[in-house]
Every structure is written in C-alpha cells, then in structure tokens.
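Note sheet for the following structure.
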Amino acid sequence: MSTLSFTLRAAPKHALDLSGLLPSRLAQLSTGDIEKLPLVTGVHAINVGDVFTVSGTPGDALAISADSTLLDYVGAGLDQGTITVEGSVGNHAARGMTGGTLEIRGNAGAYLASTAKGGLVHVKGSAGDFLGGARPGDKFGLLGGTVVVEGNIGERAGERMRRGIVVTRGTFGAAAGSRMVGGTLWTETGFGPRPGPLLRRGTLIAPKVDELLPTFADCGRHDLVILNILSRYVAKTLGPLAPKPLPPMVRKLAGDRATIGKGEILLTA
Amino acid sequence: MSAITRNGVTIDDTFAEAFGMSALGLIITADTAKWANICATVMTGFGTSVIGAGAECGIDRELSPDETPDGRPGVRVLMFGFSPDALKPQLLNRVGQCVLTSPGSACFNGLDSPTTLPLAAGPRFFGDGWQTAKKLGKQRFWRVPVMDGEFVIEDKCGVTTDAVGGGNLLVLGRDRAGLLEATEAAVAAIAEVRDVITPFPGGIVRSGSKVGSKYKGAIASTNDAFCPTLKGAVKSELDADIIAVLEIVIDGLTSEAVANAMRAGLKSLIEAGAAKGVARVSAGNYGGNLGQHHYHLKDLLP
C-alpha cells in the first residue's frame with residue numbers, strides 16, 4: 001500500500017481546513033499539484049506546500065504528521081482509504097465521512113464525525129464536545145458508521161444523532177445523547193450528569209450514570225436478545241477495538257419521557 | 001428403456017423433471033435448541049405443496065450458536081413458492097402466527113441475496129408504537145415488546161428466483177415396512193445436504209400425482225401408473241412383485257443442491273435398499289416439456 005505523507009513544518013497561526021486531503025482526491029495528482037491545494041482561501045490564503053512537507057506516493061493511505069488543534073476538518077468527506085494522524089487535530093474532523101478509516105493518535109476537537117454516514121473513526125486520545133452532533137443548520141448529527149474513542153468524550157455527544165455507534169473506554173460528558181433520534185452511545189466507564197435530555201429513540205449503554213434526569217423511567221432488569229446481536233456486531237466490525245461483550249442482564253431506563261420516550265439507558269452494572 | 005442394476009436395486013433410465021421456483025431462507029433462534037425446533041416445525045407446518053398449501057416449507061438444518069446472529073441455538077428454514085410475490089402472504093402469516101408467538105424466539109434473514117422481501121413489515125406493528133429498530137451495518141433489526149421480553153426480527157430477508165422445486169425419487173418396494181424404512185433413511189441422507197428441504201410429511205409422499213383429472217376443477221390426480229392396486233387395470237409402470245411406491249420430493253435453493261440431494265438419496269437407497277425390499281428407483285417427469293430442470297438418475301449414481 002502506497003502512502004502519501006504530510007509533515008507539518010511549523011505550528012500554524014490560523015485554523016487550517018484539511019478537508020481537501022483525502023486519498024481518493026489526491027490519488028491522481030502530482031506532488032506539485034498537491035502542494036498548491038488551498039488550506040485557507042481569501043486574503044491570507046495558505047496552500048498545502050506553505051505548511052506541509054509532502055512526500056511518498058499517492059495511493060490508498062495518507063499519513064499526517066502534525067499536532068495542532070488548529071487543523072480542522074481532517075478527514076471530512078472521507079469516502080475510502082485510510083488517514084492516519086500522528087497527533088491531535090482540531091474541530092469537525094470526519095464531518096460528512098461516508099467510508100474508510102480515520103485514525104487520530106492524539107485528541108480530537110469538537111463536532112467529531114458530525115453528519116458522518118459511514119466508515120470508522122478511531123481516536124487514541126479524547127474527543128471534544130458535540131461528538132457526532134448536529135451543527136446549526138444540520139438536521140441530524142451522526143448518521144451512520146462507527147466512532148471509537150479510547151479516552152473521554154466531551155459534553156452533548158450524539159446531539160441529534162440518528163444512527164451509528166459511538167464507543168468509548170472512558171466517559172461521556174454531561175447531556176450525552178441530547179435530542180438524539182437513534183443510534184448507540186456506549187461507554188465502558190460511565191455517563192456524566194443528566195444523559196439523554198429530550199432523547200427520542202436510541203440506546204445509551206453504561207455501567208453507571210452520574211445523575212439521572214427525572215424523566216427516565218425504571219423498567220427493571222432484563223436479558224435482551226438485541227444485546228447479543230450488538231456485542232457480536234461490534235466484535236466482528238471492530239475486532240480488538242470492540243468493547244467487552246455486554247452482560248446478559250441490564251437495567252433498562254426508558255426515556256426521555258419529556259418527549260416520545262422511546263429511547264433507553266441500559267445500565268450494565 | 002435400459003435400466004441399470006446396482007447392489008440389487010434397479011435404477012430406471014429416466015429423469016426427474018423439476019421447476020424453477022422462488023425461495024427464501026430464515027434463521028429462527030430461541031433460548032434452547034428445543035424451542036428453536038418447535039418454532040421452526042410449527043412455522044413450516046402445512047407447507048407440503050404449492051398446489052394447496054401456498055408454500056413448500058421445511059427445515060434445512062440446525063445451527064450452532066456460533067452460526068446465528070444472536071449467539072443462541074437456531075434452525076434455518078426454507079420456503080419455496082411460485083414467485084416472490086406469492087411468498088409474501090405466506091411469510092407474513094407464518095412469521096406472524098408461528099414465530100412471533102413462540103417463546104423466546106427471534107427471526108433473521110437466512111439467505112444472502114441482492115433481492116429482498118420485507119420480513120418485519122407486518123410483525124413489527126404488533127408493537128403498537130413501542131417497536132424500535134437498531135440498524136447495524138447494512139442490517140436493521142426490529143425490537144417488538146412482547147410478554148416474555150422482546151421479539152427481535154430482521155427488517156428484510158433475501159429471496160432468490162433461481163430455486164428449484166420438484167426434484168424427486170420414486171422408490172418401488174416389495175415390502176411396505178422395509179420400503180418405508182429405506183425411504184426414511186434416504187430422507188435422512190438428504191437432510192445432510194445443504195440448501196434443500198423435503199417438504200412432505202417426514203420427507204415422503206405416498207400420493208404421487210399426474211397432471212390433470214377426469215373431474216373438472218381438479219388440476220392433479222393420482223398417478224395411476226404407479227398405484228400397485230391398479231396394476232392389472234391400467235397401463236402400469238409396476239412389475240408384478242411391487243406392492244408399494246413412495247416418493248421423495250426435493251426443493252433446493254439451486255439446481256446443484258437438488259442434484260446433490262438426489263445423489264445422496266440414491267446412494268442411501270442403493271447401499272441399504274435391497275435388503276429392505278427396495279426393488280427399483282425411478283423418477284417422476286411429465287415427458288420433459290413442463291419443467292426447466294431435468295435430473296437423469298444415471299448421471300447421479302454413486
């Protein structure tokens with residue numbers, strides 16, 4: 001597999017838009033053409049060649065060697081192939097992604113994987129607020145695909161999320177799954193305060209919750225067939241990244257009953 | 001007609017004539033293999049012939065927990081019909097009445113195919129608004145609240161139009177009890193073959209039919225040429241010592257599967273048949289003009 005490498009020469013002073021750096025878009029371009037691609041347009045235009053050293057051969061994989069929270073839209077619109085970032089990135093990474101793999105070996109900023117429809121995002125560190133969330137103007141947040149975060153996730157993850165799975169080894173911040181309409185948020189550690197405000201449908205899985213909203217109703221402990229299906233699905237698609245299989249029994253809390261209340265918080269401990 | 005004799009059993013130089021059909025497969029799981037089998041047996045019940053039963057149904061095989069989507073014991077059932085549209089009401093009724101109702105059951109697609117039929121289109125509305133769906137990858141699973149927890153059913157199931165119905169073996173015997181035993185053993189051998197079912201009771205038909213009847217409105221009637229009690233009265237296919245004939249009808253997802261099943265059945269009959277009084281093995285056809293698939297017995301000999 002041929003890899004095209006981008007090495008950041010100096011820390012940027014302005015936010016850069018890296019949405020143009022996708023394997024499928026760069027496959028046919030020469031290094032010279034790639035260096036002319038814009039990262040900032042307008043009066044203070046910055047091209048790829050101004051900040052990155054480009055090397056390697058275009059192909060199915062991109063390697064970005066950079067560690068700056070000013071790198072926005074990394075892997076936005078990714079449709080195939082792999083992007084690996086050695087370091088942290090800024091906001092809106094993996095926005096609108098439809099396929100392929102984005103691996104961030106540092107932290108991710110806010111709005112990770114907003115409106116993404118498919119593919120896999122793997123963050124070694126932590127992720128910011130509104131992960132898989134809807135930005136103003138978006139009808140929905142995450143629409144499909146899988147996000148795995150090894151650290152913690154910020155507040156309001158899964159805001160207006162419709163489909164897909166978000167898994168973290170760490171915790172979700174406050175109000176995870178707010179206004180969510182479908183999909184699965186799954187933590188192996190726990191949810192912060194008041195998860196699921198105005199949750200319509202969808203599943204929030206955790207061993208514990210810091211503070212429950214009063215509009216979630218205890219439905220008791222159950223062994224659900226869907227848990228086996230979910231555990232087997234993540235084991236198959238995520239391999240070593242998959243969370244531990246769910247226990248046979250979970251406690252189901254139905255809500256948010258301030259709205260249609262067809263969502264659920266499943267407590268595994 | 002030159003027949004071949006193997007191990008004391010005469011194999012007629014004839015062919016089984018079978019028809020193109022549509023088919024779908026389902027995986028039914030439950031908490032135990034016992035209950036998966038009960039559910040699958042009831043769901044495939046009264047599924048002998050498309051002529052009067054609407055669909056031809058049967059159990060393909062049992063599945064270990066590793067082979068099912070939910071990690072529980074399961075059974076794969078197959079349903080055959082004239083067309084995907086003809087299978088729709090059968091699917092709705094059988095799943096709605098026999099699978100949804102069975103304790104601990106879940107129902108999944110059991111056939112990968114680019115064309116699909118709606119599987120949960122009816123049963124999910126049993127949830128009266130409390131049903132929810134979970135889409136994982138390309139599959140969508142419905143969760144319907146029921147009195148023992150949740151009934152999980154996949155949204156769609158694959159359907160193929162390349163299936164074959166009506167592969168068959170006619171087993172002619174000198175001893176009724178021995179013939180039944182030998183034919184049962186052949187059905188058991190066919191059950192080991194993947195992607196096929198033998199839809200009749202215990203896999204065996206005793207009322208083989210011919211096309212047409214002297215009575216208006218009947219599209220099929222008894223196959224008098226193979227009826228032992230009419231031996232002297234009609235143009236019979238039976239030798240003087242034959243006292244009973246049993247038929248195994250085979251439906252398969254592919255023509256190859258049907259051929260494999262007939263081969264397995266023939267092998268079993270040749271190996272153990274003579275001692276049980278099996279004299280001849282023949283096959284049913286309509287002169288070769290009605291069915292698209294012909295299986296010549298001499299090509300399927302072990």
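The values are calculated or read from the model by the stated rules, or taken from the named source; none is laboratory data. Given the structure is predicted, the values throughout are model-derived calculations rather than measurements. Don't worry about glycine lacking a Cβ; one is built from the backbone with ideal geometry, like all the others, and counts go over all protein chains shown.
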**Request:** Go through the residues of region A:126-134 one by one and say whether even a single one is over 16 Å from residue A:237 (Cβ atoms), of a type in the set (D, E, K, R) and touching a residue at least 24 places away in the same chain (Cβ under 8 Å).
**Result:** yes
**Residue match in region A:170-178 (condition: under 15 Å from residue A:264 (Cα atoms) and either of a type in the set (D, E, K, R) or in contact (Cβ under 8 Å) with a residue 24 or more places away in the chain (or both))** = yes
**Request:** Output the residue which, of all residues in region B:117-137 that are within 10 Å of chain A (Cβ to nearest Cβ) and among the charged types (D, E, K, R), is nearest to residue A:224 (Cα to Cα).
**Result:** B:134
**Request:** Just name the residue that is surrounded by the most Cβ atoms within 10 Å (Cβ to Cβ) out of those in region A:153-172 that are away from every other protein chain (no Cβ under 14 Å) and of a type in the set (Gly, Ala, Ser).
**Result:** A:157
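Here is a yes/no grid of residues against (1) closer than 21 Å to residue A:11 by Cβ; (2) in contact with a Phe, Trp or Tyr (Cβ under 8 Å, 6 or more places away or on another chain); (3) free of Cβ contacts under 8 Å to residues at least 60 places away in the same chain:
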{"residue": "A:52", "(1), (2), (3)": "yes, yes, yes"}
{"residue": "A:58", "(1), (2), (3)": "no, no, yes"}
{"residue": "A:72", "(1), (2), (3)": "yes, no, yes"}
{"residue": "A:86", "(1), (2), (3)": "yes, no, yes"}
**Request:** Taking the options A:215, A:268, A:237, name whichever one is within 10 Å of another protein chain (Cβ to nearest Cβ), touching a strand residue (DSSP E or B) at 6+ places or on another chain (Cβ under 8 Å) and among the polar types (S, T, N, Q).
**Result:** A:237
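Assigned by TED's automatic domain parsing to the domain that holds residue A:123, of a type in the set (S, T, N, Q) and touching a residue at least 60 places away in the same chain (Cβ under 8 Å), is that true of residue A:187? Before the answer, list the steps.
Details: assigned by TED's automatic domain parsing to the domain that holds residue A:123: yes; of a type in the set (S, T, N, Q): yes; touching a residue at least 60 places away in the same chain (Cβ under 8 Å): no.
The answer is no for residue A:187.
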**Asked** Quick one: how many residues across region A:149-195 are farther than 16 Å from residue A:134 by Cβ, in a loop (DSSP other than H, G, I, E, B) and among the polar types (S, T, N, Q)?
**Response** 2
**Prompt:** Is it the case that residue B:54 is over 25 Å from residue B:125 (Cα atoms) and either more than 14 Å from chain A (Cβ to nearest Cβ) or surrounded by fewer than 21 Cβ atoms within 10 Å (Cβ to Cβ) (or both)?
**Reply:** no
**Item:** Residues satisfying the stated conditions in region B:156-170, i.e. within 13 Å of the chain's Cα centre (by Cα), of a type in the set (Val, Ile, Thr) and farther than 11 Å from residue B:293 by Cα
**Value:** none
**Prompt:** Name the pairs whose Cβ atoms lie under 7 Å apart, with the first residue in region A:135-162 and assigned by TED's automatic domain parsing to the domain that holds residue A:183 and under 23 Å from residue A:190 (Cβ atoms), the second hydrophobic (A, V, I, L, M, F, W, C) and surrounded by fewer than 19 Cβ atoms within 10 Å (Cβ to Cβ), and 6 or more positions between them or separate chains?
**Reply:** A:146/A:238; A:148/A:238; A:148/A:241; A:155/A:174
**Message:** Return the residues of region B:89-116 that are under 20 Å from the mean Cα position of the chain (by Cα), within 14 Å of chain A (Cβ to nearest Cβ) and among the aliphatic types (A, V, I, L, M); say none if nothing qualifies.
**Reply:** B:99
**Prompt:** Among A:237, A:215, which is hydroxyl-bearing (Ser, Thr, Tyr) and under 13 Å from residue A:198 (Cα atoms)?
**Reply:** A:215
**Members of region B:152-171 found to be within 14 Å of chain A (Cβ to nearest Cβ) and touching a helix residue (DSSP H, G or I) at 6+ places or on another chain (Cβ under 7 Å), listed by number** = B:152, B:153
**Asked** Looking at region A:120-145, which of its residues are within 14 Å of chain B (Cβ to nearest Cβ) and within 10 Å of the chain's Cα centre (by Cα)?
**Response** A:120, A:142, A:145
**Message:** With farther than 28 Å from residue B:104 by Cα and not in a helix (DSSP H, G or I) as the only criterion, which of B:238, B:180 stands out?
**Reply:** B:238
**Request:** Could you please tell me which pairs satisfy a Cβ distance under 7 Å, a separation of 6+ or placement on different chains, a first residue in region B:91-102 that is in a helix (DSSP H, G or I), and a second residue that is small (Gly, Ala, Ser)?
**Result:** B:92/B:122; B:96/B:122; B:99/B:105
**Request:** Would you mind finding the one in A:238, A:204 that is part of a helix (DSSP H, G or I) and within 19 Å of the chain's Cα centre (by Cα)?
**Result:** A:238
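Given the structure, is residue B:204 free of Cβ contacts under 8 Å to residues at least 60 places away in the same chain, in contact with a helix residue (DSSP H, G or I) (Cβ under 6 Å, 6 or more places away or on another chain) and over 30 Å from residue A:165 (Cα atoms)?
Here the answer is yes, as residue B:204 does meet what is asked.
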**Asked** Any residue in region A:226-236 that is at pLDDT 95 or above, touching a helix residue (DSSP H, G or I) at 6+ places or on another chain (Cβ under 7 Å) and under 29 Å from residue A:124 (Cβ atoms)?
**Response** no
